1. I need to check one value: relative contact order of the stretch 2-102, counting alpha carbon pairs closer than 8 Å and at least 6 residues apart, in percent.
2. Just check the stretch 2-102 against the gyration tensor rule for me: Cα atoms, a ≥ b ≥ c as the square roots of the eigenvalues, rounded for a/c under 1.5, and otherwise prolate or oblate depending on whether a/b exceeds b/c.
3. For Glu15 and Asp205 in the same chain, what is the full-extension length gain: residue separation times 0.36 nm, less their Cα-Cα distance, in nm?
4. Please turn the phi angles of the stretch 16-27 into ³J(HN,Hα) values with the Karplus equation 6.51 cos²θ - 1.76 cosθ + 1.60 (θ = phi - 60°), one per residue in order, whole Hz, x for glycine and proline.
5. Whole-Hz Karplus ³J(HN,Hα) for the stretch 46-63, in order, using 6.51 cos²θ - 1.76 cosθ + 1.60 and θ = phi - 60°, x for Gly and Pro?
6. Please give the contour-minus-distance gain from Ala188 to Gln69: 0.36 nm per residue of separation, less the Cα-Cα distance, rounded to one decimal in nm.
7. Amide H to amide H under 5 Å from Val2: which residues, 5+ apart in sequence or cross-chain, H placed 1.01 Å off N in plane?
8. What length, rounded to one decimal in nm, is gained on full extension from Leu158 through to Asp92, with 0.36 nm per residue of separation minus their alpha-carbon distance?
Amino acid sequence: MVEIVRLYQNATDAEKAVGNLKKEGYAADKITLLKPGEGGAADQRVDAEVEAGRLPGFYRDYAIEGVQQGRAVLIVDAPFGGGQSAEGIMDDAGPVDTERMPEWPVASSRTTSAIFGIAELSERKFTTMAETESMKRFEYVFESFFGFGLTSKKAAPLSDAANIPTVTQRPKEWTKSMGYDMLMNNPAPLSSAINYKTVTERPKDWTTSFGMSLLSSDRTPLSSFLNMPVLTKEQ
């Protein structure tokens, strides 16, 4: 479950969103609407929702200010997998002050990344991944349990773990690779290694290949080789 909050200029807009949410199957007991001018002071009504667990505490000041300004506060406790759809429905009804809406604090984030200590993307512009506690935990787990360094520290962690040398720069005298000549020095290094002849240019008297005539000399070399008759024209 995740709580989604929106402010509306008036109760009519908020009620429109409520109706659309119910049409899409969202339970009525998971929808809370705070209308301006009803049920006592704004702070008392908002505090009651926070204490009941229907409104996250970091939304408190935002919601109180909205009710005091005569706006309606809509809270939806969306089920798992239904948060994005609920947001779309609520946004279609024309909420206001969405740019001032507080963000979910990192400590309260209900994500798999937080559970496993994996670094999360943050909208804070001046916080780097390496500065977060999540990233520090991730580095500890990756290095301690898997035995590899992160690529930010080691460009080739697997080669380093297996003590395999890595190529840092091309040697000036680089003429061989895995025991074979480089292609720029020898276009057929494997053939040369096993003493196979390679075709360098077409012989002037090239009339056969694999014991059969070339197509330029004989259009049916296999039939001719097997001494089989061929169909030359319709009889």
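1. Normalised by residue count, the contact order of the stretch 2-102 is 50 percent.
2. Working: a/c = 1.56, a/b = 1.33, b/c = 1.17.
It comes out prolate by the Cα gyration axes.
3. On the way: separation 190, 0.36 × 190 = 68.40 nm, distance 9.27 nm.
Length gained, Glu15 through Asp205: 59.1 nm.
4. Along the stretch 16-27, the couplings run 4, 5, 4, x, 5, 5, 5, 4, 8, x, 6, 5 Hz.
5. 5, 4, 5, 5, 5, 5, 6, x, 8, 10, x, x, 6, 8, 4, 5, 4, 6
6. Numbers: separation 119, 0.36 × 119 = 42.84 nm, distance 8.16 nm.
Gain in length upon complete extension: 34.7 nm.
7. Ala78
8. On the way: separation 66, 0.36 × 66 = 23.76 nm, distance 5.02 nm.
Roughly 18.7 nm would be gained on extension.
A short reminder: the numbers here are calculations on the coordinates, not readings from a lab. In this text, all values refer to a predicted model and were calculated from it rather than measured experimentally.
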